[in-house]
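Values quoted throughout were computed directly from the atomic coordinates according to the rules given, and no laboratory measurement underlies them. Predicted model, so just to flag it, every value in this text is computed and none were measured. Backbone-built Cβ (ideal geometry, glycine too); neighbour counts: all protein chains shown.
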Amino acid sequence: MVHPSKDIIQTKGVELKGKNIVLGITGSVAASQCPEIARQLMRHGAEVFAVMTSMAQKIIHPYLMEWATGNAVVTQLTGKIEHVALIGPQPRRTELILIAPATANTISKIASGIDDTPVTSVASAAFSLRIPIMIVPAMHESMFHHPILQENIDKLKALSIEFIGPRIEEGKAKIANTDDILEAIIYKLSTSKDFTRKKMLVTAGPTLEYIDPMRVITNKSSGLMGVEVAREALKRGAEVTLIAGPRTVTPPKKAKLISVETTKEMHDAVISELKSQKYDIVVAAAAAADWKAKKHFDHKVSTRDTSSLTMKFQPTPKIIDVIKKASPKSFLVPFKAEHKVSNQQLVNSAYRRLKETKADLIAANDVSRRGAGFAVETNELFIIDRKKNVIHVPLTTKREAAAALLDAIAERIKLKQPANASLH
């Protein structure tokens, strides 16, 4: 019988589908966050098996982790040799050991080869089978900076163990955010590395144009589509630079981030990057403001002093018009948004834009359609190439839409086999 707690598996994604992850929990107060860590991993497809030290059990009860994971919890090593059974050769062996939170004590024991808890024993067994280990420290800042602990961390890094965090706040080396842990694990376990050694430039989010020092014109873009493109590219091995406008959702930590405000700033940043280094791919997903005030005020315009306000606007520089001029060999993929048009009109409009900008692909969507507009987590895309072949990506998460877009890019630059998306 399937444990009811496993109903959440794959509800947010399939990036970790089929992956078995052992979550080693040690005696830090940050152990209180382990149920949410486990469940986030499960929501993205993983099976999670908790292993707890005796001190961890004094902070959270094993029953809580059994509820969170839907699996029995290892609290001690018995004749069942749990540390071997969990990770040893089997049809679906463990793909990753995640020790979160990891105390200074446990980190130093692993570095010294000491196996006196279920967690350290699992870690030692993983070494011989070359199972990846990731460690998420959590302790007081003074302990984290102890020179011997730092030596031990360096020793483990030299053995290919990866560390996530910590966050240095309030005099403590706090456990990394759950989203950062999830992101690091998805990168680590991604099997597709078809963009390795490729450099990608991505633009994301809105830009704004000032009316006066306090008021702007902009749009409702959250930047999520561009951020998901950057995240997917990183997962697949690319080196990514993200040029992001204001209000853009949290970007992936592994991307080089350039923050801008106005369309001109984004324009100048794009040109500067393309002229300073070679980019294989440029994905222009930003919703840059198309208009700016011909003359903006250098003071706040008061409604008490002015009963009406008339302004003249002029077009902002079109960023995608200059990309091929600055970097002719970059594979260019702009986005084209329309409002309340038919599929054919959307495709035709996007194709004209592709030809005008000498783009290689273009991704188009109608922001008036439910679930495919700004500031939502889903999108529907029509991806058009130079021969006017169309890949339709039906309404799905922006993360999955980004994956479909990168599949289309990969196919056309001969990185991998053709994508599975249907052609219309």
Rounded to the nearest 500, what is the 222 nm mean residue ellipticity of the chain from helices alone, with -39500 (n - 2.57) per DSSP H run of 4+ residues and division by all residues?
-> -9500 deg cm²/dmol
If one takes the longest principal axis of the Cα atoms in the chain, at what angle in degrees, from 0 to 90 and to the nearest 10, does the Cα axis of helix 263-276 lie?
-> 70 degrees
Between E169 and T196, with labels modelled 7 Å along Cα→Cβ, what's the label distance in nm to one decimal, could you check?
-> 3.5 nm
Taking a 22 Å limit on the Cα-Cα distance, which of the listed pairs K193/K414; K58/K109; K155/K235; K6/K58; K264/K294; K253/K324 fall beyond it?
-> K155/K235; K6/K58; K253/K324
How far is it, in nm, from the label point at S307 to the one at D154 when both lie 7 Å from their Cα along the line to the Cβ?
-> 7.5 nm
Checked the chain with the C-alpha gyration tensor, a ≥ b ≥ c its square-rooted eigenvalues, rounded below a/c of 1.5, otherwise prolate if a/b is larger than b/c and oblate if not; verdict prolate
Write out the trypsin sites (Lys or Arg not before Pro) in region 100-155 meeting two conditions: DSSP loop, and at most 13 other Cβ atoms within 10 Å of their Cβ.
-> R130
Once you charge only the Cβ atoms, +1 for Lys and Arg and -1 for Asp and Glu, what is the size of the charge dipole of the chain about its Cα centre, to the nearest 20 debye?
-> 1580 debye
Please go through region 1-92 and write out the trypsin sites (Lys or Arg not before Pro) that DSSP classes as loop and that have at most 11 other C-beta atoms within 10 Å.
-> K80, R92
If you average the sequence gap of Cα pairs under 8 Å that are 6 or more apart and divide by the length of region 260-332, what percent do you get for the contact order?
-> 49 percent
Run the numbers on the chain and let me know its relative contact order in percent, using alpha-carbon pairs under 8 Å that are six or more apart.
-> 10 percent
Let a ≥ b ≥ c be the square roots of the eigenvalues of the Cα gyration tensor of region 4-189; is it rounded (a/c under 1.5), or, if not, prolate (a/b larger than b/c) or oblate?
-> rounded
Can you give the extra length, in nm with one decimal, that the chain gains between R93 and I114 once fully stretched, where that is 0.36 nm per residue apart less the Cα-Cα distance?
-> 5.2 nm
Highest-first arrangement of 134-140, 314-320, where packing means the average Cβ count within 10 Å = 134-140, 314-320
If you rank R93, R304, R369 by fewest surrounding Cβ atoms within 10 Å, what's the result?
-> R304, R93, R369
When only DSSP loop residues count, what GluC sites (Glu not before Pro) in region 155-249 have their Cβ near at most 13 other Cβ atoms within 10 Å?
-> E170
First check a/c for region 43-89, with a ≥ b ≥ c the square roots of the eigenvalues of its C-alpha gyration tensor; if it is under 1.5, answer rounded, and if not, answer prolate when a/b is larger than b/c or oblate otherwise.
-> oblate
Which order results if F127, F195 are arranged by neighbouring Cβ count within 10 Å, fewest first?
-> F127, F195
For the I413, Y63 Cβ pair and Förster radius 56 Å, calculated FRET efficiency rounded to 0.05 is 0.60
Could I have the simple spin-label model distance between N177 and S276, label points 7 Å from Cα toward Cβ, reported in nm to one decimal?
-> 2.5 nm
How much length is gained if the chain between T11 and E162 is pulled fully straight, taking 0.36 nm per residue apart and subtracting their Cα-Cα distance, in nm to one decimal?
-> 51.6 nm
Under the Karplus curve 6.51 cos²θ - 1.76 cosθ + 1.60, θ = phi - 60°, whole-Hz ³J(HN,Hα) for region 292-297, x wherever Gly or Pro sits = 9, 5, 4, 8, 9, 7
Provide the gained length on full extension for the span F127 to V29, in nm with one decimal, where the gain is 0.36 nm per separating residue minus the Cα-Cα distance.
-> 32.6 nm
